[in-house]
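Below is one structure, written out as structure tokens; comments come after it.
Just so it is clear, none of the values below were taken in a lab; they were calculated from the coordinates. All figures in this text were calculated on a predicted structure; none of them were measured in a lab. Every residue, glycine as well, gets a Cβ built from its backbone with ideal geometry; the counts of neighbours run over all protein chains shown.
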Amino acid sequence: MKFLAPALLVVCCSFPAFAGFAELVKSGDVHDARSESDAALQYYLPAEKINPNNGALLVKISRQYALRMNDLPNKADKIASGKTALAYAERAVVATPRDCDSHLALAICLGKLTPYIGAKEKIEASRRIKTAADRAVALDSRNDYAWHLLGRWHQSLANIGGTTRMLAGAIYGGLPAASNDEAVMCFKKSISLNPKRLIHFIELGRTYAMMGRKAEAKDYLEQGLSMPEKEKDDAETKQRGRESLKELS
């Protein structure tokens, strides 16, 4: 079942039927650029009714439901929105299996849901994230965020707790190999492709901190924190960076 605020549902249902697909998507894109997820959905959802198998649109809708998780007041609402985002991402992969953004959307949604699920589900999500990130990189090796997600996977798995690792061994016979060195390589690749995204710098800094390389960690964390916030989750990313920097003091 789709998770949608009642007020938003009313707007979507009352949207003029004569509005064309391209017009609706263009209007939604304006709000997406402003990080106004609910407003973007007011246009994207009616567009979906016109063309329900458009992979690019399904990715856009998935993105809005994933991003709005940050603004929702409680865990249940966050999970509901995250699951809706994941369902759209899965549909996008089916609709456009050779599109990098579809696989990126899938990996992002799984990552957003990970903090709210149990240990067994986390392990399965991790395996799916790795598969999706690898596929995204293979489809477009110039996509900076594809490399970033692969870096986040290595960062997370390299520093996973012993209990979770033992559980993975019992269920699946272990997890794919991961290392902080691979995470560093991926984040540096992301920076080389797009040096304007602060999340690349902060996650590289956090990885160095996990490796005990304090000077490099501080350098990249401070670079990321000094950059302007351009994306909706940049504030949350900077908070992680500040916490890591504080731990280095």
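Magnitude of the charge dipole for segment 21-164, about its Cα centre and with charges confined to Cβ atoms of Lys, Arg (+1) and Asp, Glu (-1), is about 440 debye.
Rg and Dmax of segment 195-249, based on Cα coordinates, read 10.0, 30 Å.
Across segment 43-50, rounded Karplus estimates of 3J(HN,Hα) from the backbone phi angles (6.51 cos²θ - 1.76 cosθ + 1.60, θ = phi - 60°) give 9, 5, 5, x, 5, 4, 5, 6 Hz, Gly and Pro being marked x. Ordering Ser35, Ser244, Ser81, Ser249 from the fewest to the most neighbouring beta carbons within 10 Å gives Ser249, Ser35, Ser244, Ser81. At the listed q of 0.13 Å⁻¹, the Debye profile of the chain, built from one uniform point per Cα, gives log10 I(q)/I(0) equal to -0.86. Residue-wise HN-Hα couplings along segment 131-141, as the Karplus relation 6.51 cos²θ - 1.76 cosθ + 1.60 with θ = phi - 60° gives them from phi, are 4, 5, 5, 4, 5, 4, 5, 5, 7, 8, 6 Hz; Gly and Pro carry x. In terms of distances greater than 32 angstrom between alpha carbons, the cross-link table entries Lys83/Lys214; Lys60/Lys130; Lys26/Lys122; Lys26/Lys120; Lys189/Lys232 yield Lys83/Lys214; Lys26/Lys122; Lys26/Lys120.
Note on segment 175-249 and segment 90-137: Cα centroid distance 21 Å, given to the nearest whole angstrom.
Each Cα pair under 8 Å and six or more residues apart adds its separation to the average, and for the chain the resulting relative contact order is 11 percent.
A convex hull fitted around the alpha carbon atoms of segment 37-139 yields 82 Å³ per residue. Protection proxy ranking, highest mean first, for peptides 54-64, 20-30, 192-202: 54-64, 192-202, 20-30, where packing is the per-residue count of other beta-carbon atoms within 10 Å, averaged.
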